[in-house]
1. Kindly evaluate Asp492 against the criterion of being in contact with a Ser or Thr (Cβ under 8 Å, 6 or more places away or on another chain) and free of Cβ contacts under 8 Å to residues at least 40 places away in the same chain.
2. Please specify each residue of region 273-289 satisfying the condition of being closer than 14 Å to Ala247 by Cβ and not β-branched (Val, Ile, Thr).
3. Within region 98-122, which residues are in a strand (DSSP E or B) and surrounded by fewer than 18 Cβ atoms within 10 Å (Cβ to Cβ)?
4. With the condition kept exactly as written, say whether any residue in region 52-66 is surrounded by fewer than 24 Cβ atoms within 10 Å (Cβ to Cβ) and over 23 Å from the mean Cα position of the chain (by Cα).
5. Here is a list: Tyr205, Tyr130, Tyr163. Which entry is assigned to a strand (DSSP E or B), aromatic (Phe, Trp, Tyr), within 22 Å of Ala27 (Cα to Cα) and under 28 Å from the mean Cα position of the chain (by Cα)?
6. Could you tell me whether any residue of region 312-324 is out of contact with any strand residue (DSSP E or B) (no Cβ under 6 Å at 6 or more places or on another chain) and either closer than 30 Å to Leu411 by Cβ or assigned to a strand (DSSP E or B) (or both)?
7. Name the residues in region 172-202 that are in a strand (DSSP E or B) and among the charged types (D, E, K, R), would you?
8. Exactly one condition in (1) out of contact with any Pro (no Cβ under 7 Å at 6 or more places or on another chain); (2) in the same structural domain as Ala27 (by TED's automatic domain parsing); (3) surrounded by fewer than 20 Cβ atoms within 10 Å (Cβ to Cβ) is not met by Ala125; state its number.
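The values are calculated or read from the model by the stated rules, or taken from the named source; none is laboratory data. The shown structure was predicted, so the numbers you read here are calculated from the model rather than taken from an experiment. Methodologically, a virtual Cβ is constructed for each residue, glycine included, from the backbone with ideal geometry; neighbour enumeration extends over all protein chains shown.
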Amino acid sequence: MAFLFLLLLQSSFAPCSSLLLGGDYRAGAADDSLLYVADGRGISAFEQRAFKRRGDILLSGKTSHAALYGSSIFVGGTRGLARFDVGILSQPGHVYQQNTEVEWLHREPVTALEVSGNRLWFVDASGRVYGMNLREGEDASPLEFARLPVPAVRIVQAEALLYLAADTAGVFVLDLDAGESQARKLTVEDNPPVVDILVAGDKLYLACAEEGLWATQPKRNSLKVISRVDAAGEVMSLELFGDRIAAASGSKDFSLFSTDSPEGLAQIQVERLPGTGLELIKAGTNCFVLTETGIGRMDISTAPLAGHGVFFRGNGSGHDILTRGEIAVLAAGKAGVQIIDLQDTLSLLGTYSDAADCWKAYLFGSQVYAMTKANIMQVSEIKNPARPEKRTFLKFSSVTSGVDTEGEMLLAAEHEQGVGVWWRCPCGPFKEQGRWSPGGEALDVKIREQLAFVSTDMAALHVIDWSDSANPEELTSLALNRDYERLYLDEDLLFGLDSSGALVLIDVSRPTRPREVAVLELPGAPAALARHQDRLFIAARDEGVHVVDISKPSSPELVETIDVEPAMGVAISGNRLLVCTPYSVEEYKIQP
């Protein structure tokens, strides 16, 4: 079980369990045996040799920085800077509900974080540079040292000098001995973007993204360029191993450079790994490469080149979630479809990897219909959730963002192609029967017997009769004020979500005479909806999950927001709410 801690947790919802998917691995730290990785929604601890997960903790906001000092780990992200003891990562069964074991040291978003000796340095989104004397233990508190005109993305200390990389804004420096409170910008020829800095003797090596690796000599207010190499990929992060520099190199994943002659830097190896190389973690002779999909381990002990390593792949990224009984179905991006066991604690049951790049899923009986970014709908059978079986697929000729079924028929909102009516052959491929065009883009479709409700980009809801599948025809339409990309039908109420920030309630008790009941403006980008009694749970991405009271449908009320970000999907199982983010699936008990 993951350990759960949520900032500003609403009293109506108690955290029960969570499953960290990983993904977007951007920072980490290592001790003698474990690797601690910031993986979007928290920190995961892995054994370095076999990548066995030892434990994890879920934190509020998005985590993107990590640093280790003794038994304390410092985690930075969109909600600030937190500190906790790494020992709690090996205490299974504990769920955090209050701010007791995690200490928040700073409440502004953190853009850079580093431990150097006994000092912790970090920069927040306002460009303020803070330092902490870690020898003071629990009495340590951040002190502001300086301000930058822009936030830094990396901090490196070299004796009394503090170098700060600020991407396209260049490189800044603070002289700590001189007590400087205003960072000086160092001029560099051609003004490259700088995303990391490596200090080696009297040289500074700059990771300049798509402009490669640069060797420089520090001067008072400038960096003299000694040499540069146009590397394969984008140089994002640097670590020194003797006379070699390892780099996380973006689309080329991992690179190795020779520093035998700083005047003649040379790229000597490029290794491809799944994902995009974003960050490096040094642990003895091992170099761990973090990508948005997993972690690679490269052995740098073999000279002159790095030995091939091992790659740990995360469980994809959460886009959409559905439930049936004691299982959940997750549209997990590059990992395809993930089947999750909801009994006791959340755990992974099975995977259907043929649906790679899955961003939306539907459950019809015991079959999963998975929509991929290539506009292919993959159909799998999950009678045995641990072993999904392939059934068939359908390649659409247009972007398709909504499907629904009735018996052996499927209706699909195929944007430029309108609504397609397809026969689901029980033992073979889909066969097109008919098509209806609204004159614009069809966004979503929901079926009620022989009628279908279709939302379009013309700010309208259309009711079509498809009883003659070869000749579907429009019966009526309802003009709306927004384009509602997603529709949800629950008895006599049709709900629509507009990603620009609105919920609409439409009365369809008389299907051929739909009536708009109410519109509620919502913060964020509403993306998914689930209903539990008189409450709607709406995943609104960076704004979290909105809870809307619809006991009076004519006057829906936003009553609270659950602090989960970015919330991509929601589902209900009994009295439990499931929320998926790109990095996790989280479970909450719905209180009466």
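1. Values: in contact with a Ser or Thr (Cβ under 8 Å, 6 or more places away or on another chain): yes; free of Cβ contacts under 8 Å to residues at least 40 places away in the same chain: yes.
Judged against the criteria, Asp492 is a match.
2. The first filter runs over region 273-289 and keeps only residues closer than 14 Å to Ala247 by Cβ, leaving 273, 276-282, 287-289.
Listed by number, the residues that qualify are Leu273, Gly277, Leu278, Glu279, Leu280, Lys282, Cys287, Phe288.
3. Kept after step one, since they are in a strand (DSSP E or B), are these residues of region 98-122: 103-106, 110-116, 119-122.
Residues satisfying the conditions are Glu103, Trp104, Ser116, Arg119.
4. Checking region 52-66: not a single residue is surrounded by fewer than 24 Cβ atoms within 10 Å (Cβ to Cβ) and over 23 Å from the mean Cα position of the chain (by Cα).
5. Details: Tyr205 fails: under 28 Å from the mean Cα position of the chain (by Cα); Tyr163 fails: under 28 Å from the mean Cα position of the chain (by Cα).
Answer to the check: Tyr130.
6. Checked region 312-324: no residue is out of contact with any strand residue (DSSP E or B) (no Cβ under 6 Å at 6 or more places or on another chain) and either closer than 30 Å to Leu411 by Cβ or assigned to a strand (DSSP E or B) (or both).
7. First, the residues of region 172-202 that are in a strand (DSSP E or B): 172-175, 182, 184-188, 194, 196-200.
Within region 172-202, Asp175, Arg184, Lys185, Asp196 meet the criteria.
8. (1)
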